[in-house]
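A quick write-up on the structure given underneath.
The values are calculated or read from the model by the stated rules, or taken from the named source; none is laboratory data. This structure is a prediction, so every number in the text was calculated from the model and none was measured. FYI the Cβ positions are ideal-geometry reconstructions off the backbone, even for glycines, and counts take in every protein chain you see.
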Amino acid sequence: MISIKGEKFLKIAWVIFFSGFFLGYTLRFLDVARSLAFGFEPIYPIHRETMYSMKALGYSVELEFLDVLRANIVPAVTTIGGGALLGIPSATLLFVIGIVSGASFAEIVEFTPLLMNIKVAICLAIFMGAMVFSASVGFQIGEKIYNSIRRKEIKVERELYDHFLIASVLVILGIIIQYLLLVRA
């Protein structure tokens with residue numbers, strides 16, 4: 001049975017992500033930040049995919065399946081890999097992804113029709129889950145490295161495996177859903 005209840009790293013990841021999301025959404029909604037995604041579009045695929053799906057309105061963004069694949073796998077892998085440096089890069093990247101997600105979501109909600117908003121909300125929910133679980137894995141890896149240095153023991157718990165499995169499934173599901181709802185639409 002997969003256990004996620006009461007997991008401290010998962011809670012920390014959600015707080016970091018939603019702090020960044022709220023900040024990005026607020027800055028873009030109040031027009032404090034004029035940039036669409038603060039220049040971090042490569043780590044947040046949904047904004048480009050939304051602009052691609054609105055090509056009838058004059059946007060000229062070209063996307064292929066490999067673009068969607070890369071834009072979902074790169075942030076997940078770097079967030080997990082950042083755990084090797086005791087989780088600091090994972091937390092930083094998760095916060096930046098939260099800011100970019102919030103800023104892009106504000107932009108999309110303001111300028112796209114309701115059907116597109118619903119599609120983006122579905123894709124964003126899956127993307128958020130994938131990034132939070134990836135960061136949780138990164139934090140757990142950082143803790144394992146720290147404990148192995150401090151105590152000279154390596155102990156891998158089932159939670160790490162479960163969170164990695166959930167993150168992997170969410171990334172794959174996100175790629176499929178984003179491609180079908182936003183690129184192929």
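Using the structure shown, decide if L124 is farther than 21 Å from R184 by Cβ and within 9 Å of the chain's Cα centre (by Cα). No: the conditions fail for L124. Does at least one position in the stretch 119-126 carry a residue that is assigned to a helix (DSSP H, G or I) and farther than 15 Å from L181 by Cβ? No; the residues of the stretch 119-126 include none that is assigned to a helix (DSSP H, G or I) and farther than 15 Å from L181 by Cβ. Looking at the stretch 158-185, which of its residues are over 22 Å from R48 (Cβ atoms) and in contact with a Lys or Arg (Cβ under 9 Å, 6 or more places away or on another chain)? Hit for the stretch 158-185 is L160, nothing else. For the stretch 20-38, the condition of being aliphatic (A, V, I, L, M), within 23 Å of V74 (Cβ to Cβ) and modelled with pLDDT of 80 or more holds for at least one residue.
Which members of the stretch 151-183 meet the condition of being surrounded by fewer than 13 Cβ atoms within 10 Å (Cβ to Cβ) and among the hydroxyl-bearing types (S, T, Y)? Across the stretch 151-183, there are no qualifying residues.
Name the one entry in P75, P89 that is over 10 Å from the mean Cα position of the chain (by Cα) and at negative phi. Of P75, P89, the one residue that is over 10 Å from the mean Cα position of the chain (by Cα) and at negative phi is P89. Checking each residue in the stretch 150-183 for being within 14 Å of V68 (Cα to Cα), at pLDDT 80 or above and among the β-branched types (V, I, T) picks out V171, I172, I175, I176, I177.
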